[in-house]
Amino acid sequence: MLNITILRNSIFKSGVLNSKKILNNRVPQNPQSIKYVPQSIKDSFEIVGKGAEGIVYKIKNSNFTLKINNNKKIKEELNNPINLDIKKLDRTNHIKAKIGNHISIMKYIEGSPISVNISSETLPTSSIKECLKYIYNAASEGFRHDFGGKNILFNKKNGKLTPIDFLPSRAGYKENIINNTFIQLYPTAKTSEDVNKLLRKISLAFVELLKDNTISRKGLKNISGDLKQTKDIININKEFADSTTFVNSLERKLQDIINKKANQGISKDFHDDYINSLEALEKELKATI
């Protein structure tokens, strides 16, 4: 464990908990060698996120943030040492270390939540693929992505998409990664063509993950179930109505590929048919993005 007397005192005496001092910005990459020097609030700390659960503060000129949950016993929490022995769910949520149960030292993720101010044109397929991969791998570990909020961050500088906020999944839960990613990203779409292009990008990323065997047959739901809420969104929004034909066609093609994936191990012919179908859809999607 790391001795964090200075850290605890700095937080406790800071503006976070009513005082004049706060953490210094000299935070190295390795959490085990963190050193803090009290400085003024505005020079060292800034709020980067606030929600029902608590507040996330950025330690300036560092790659770290502190998430402090709303808790009346926070003073007692500060008496705990930094715990570097964190769980898989913590790592999935970009947490590097914890102090008690309500303070987390987290990796700083540059970016902003997906909003109508972001154009779907600026979302690279490669970034969508990495986002899908992260969500799928988390689901494989038993964690579901909270897609109900604005929980994918977009970095305009490099186009990276980073999913945040994962929860333990219930028994039998299957992550609908196409649907859940679309729900997060569709605010960028203004027209049916924007919706179609976004779905092409997400589907292309999905196909590429199938092609390189990142996504296995195990754990996949049928595509109709995966796209159900996507189709509901399109049907509710009149400006997206022209996308109905496209999404139905896409559903059939993806379901056909999933069915072939289930049979690919039976014989070489089935495997070749599966790969050929993947490559054909991949080529089609690339040509229309």
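Mind telling me which of the residues Arg144, Arg170 ends up being assigned to a strand (DSSP E or B) and under 24 Å from Ser224 (Cα atoms)?
Being assigned to a strand (DSSP E or B) and under 24 Å from Ser224 (Cα atoms) holds for just one of Arg144, Arg170, which is Arg144.
Return the total of residues in segment 150-176 being surrounded by 13 or more Cβ atoms within 10 Å (Cβ to Cβ) and closer than 23 Å to Lys50 by Cα.
Adding up the residues that qualify gives 14.
Condition first: among the aliphatic types (A, V, I, L, M) and either assigned to a helix (DSSP H, G or I) or under 31 Å from the mean Cα position of the chain (by Cα) (or both). Now tell me which residues in segment 247-274 satisfy that.
Val247, Leu250, Leu254, Ile257, Ile258, Ala262
Run Ile215 past the list (1) outside any loop (DSSP other than H, G, I, E, B); (2) crowded, with 18+ Cβ neighbours inside 10 Å and report the number of the one that doesn't hold.
Only one criterion is unmet by Ile215, namely (1).
Return yes when Phe182 is within 14 Å of the chain's Cα centre (by Cα), outside the structural domain of Asp90 (by TED's automatic domain parsing), surrounded by 22 or more Cβ atoms within 10 Å (Cβ to Cβ) and free of Cβ contacts under 8 Å to residues at least 60 places away in the same chain and no when it is not.
For Phe182, the condition - within 14 Å of the chain's Cα centre (by Cα), outside the structural domain of Asp90 (by TED's automatic domain parsing), surrounded by 22 or more Cβ atoms within 10 Å (Cβ to Cβ) and free of Cβ contacts under 8 Å to residues at least 60 places away in the same chain - is met.
Would it be correct to say that Gly54 is surrounded by 15 or more Cβ atoms within 10 Å (Cβ to Cβ), over 17 Å from the mean Cα position of the chain (by Cα) and at positive phi?
Taking the combined requirement at face value, the residue satisfies it.
The values are calculated or read from the model by the stated rules, or taken from the named source; none is laboratory data. Since the model is a prediction, treat every value here as computed from it, not as a measurement. In this analysis, Cβ positions are derived from the backbone assuming ideal geometry, glycine residues included, and neighbour counts consider all displayed protein chains.
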